[in-house]
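Here's the structure we're looking at; comments come further down.
The values are calculated or read from the model by the stated rules, or taken from the named source; none is laboratory data. These numbers come from a predicted model, not from an experiment. Because the Cβ atoms are built from the backbone with ideal geometry, glycine has one as well, and the counts that use them run over all protein chains shown. With ligands, DNA and RNA removed, areas are computed over all heavy atoms of the protein, side chains included. Shrake-Rupley method; radii C 1.70, N 1.55, O 1.52, S 1.80 Å.
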Amino acid sequence: MTELAPDPDADARALASTLRLRILRLCLDESHTNREIAERLGKNPATVLHHVRTLVDRGFLAAEPVRRGARGSREVPYRATGRSWRMPPFPGKQQVMVNAFLEELAEAPEQSVEMTRLGVRLSPDEHAELVGRITDFFAELAEREPTPGGDPYSILFAMHLDAGRMERP
């Protein structure tokens, strides 16, 4: 693959879509053709192809060798490159990520969902330590090879200042 010219705005536009984030997740550890992606997400193949091409153009998806479909048609499978998971913030990133996660959560078997919501008070040093530990842990997970036969899981981590609990002037 040729090296892409750095273009944070183009990358942000490419990732500013719930559907595109869902496509990337679907193609994370298994390649899928445009038709397969459209079927799995319940979308029109022409719509999905537009999004797939955008992700390929920015290096978030990579085309794999062409294969032949059931009727001998030419099919191109795509696989996520992993380039998206550490993208810097861009306007609307949080909302797009939450929307993608909520769509995936709605499809998940209820008994498979584990959630925790916690409020804490931390000093700046404690906050930095927590963020560092979480970042290191997610980096470790992202670099692991998928476990053959393992179940696929989706993880969303969010941490924010709790405005409702902050002192008011």
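Figures for the structure shown
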read-out: FRET efficiency for I155 and R40, using Cβ-Cβ distance with R0 set to 25 Å, rounded to 0.05; value: 0.80
read-out: Gyration tensor verdict on region 1-68 (Cα atoms; rounded if a/c is under 1.5, prolate if a/b is larger than b/c, oblate otherwise); value: oblate
read-out: Top positive-direction residue, dipole computed over the chain with Cβ charges, set L15, H50, L156; value: H50
read-out: Residues of region 1-108: accessible area per residue with a 1.4 Å probe, Å²; value: 61
read-out: A163 versus R71: modelled label distance in nm, points set 7 Å from Cα along the beta carbon direction; value: 5.3
read-out: Candidates A62, A142, A128, ranked by Gaussian network fluctuation over the chain, Cα under 10 Å, top entry; value: A128
read-out: Charge dipole magnitude, Cβ of K and R +1, D and E -1 - region 1-154, Cα centre, debye nearest 20; value: 760
read-out: Exposed-site-free run, longest, the chain (rule: trypsin sites (Lys or Arg not before Pro); DSSP loop; at most 14 other C-beta within 10 Å); value: 1-70
read-out: Three-way shape label, region 110-169, alpha-carbon gyration tensor, a/c 1.5; value: oblate
read-out: Translational D in µm²/s for region 77-157 (Stokes-Einstein at 20 °C, 1.002 mPa s, Kirkwood Rh from C-alpha pairs); value: 137
read-out: Helical mean residue ellipticity (222 nm; -39500 (n - 2.57) per DSSP H run of 4+; nearest 500) of the chain; value: -13500 deg cm²/dmol
read-out: Dipole of region 26-169 [Lys/Arg +1, Asp/Glu -1 at C-beta], most positive-end residue of G59, L102, A139; value: G59
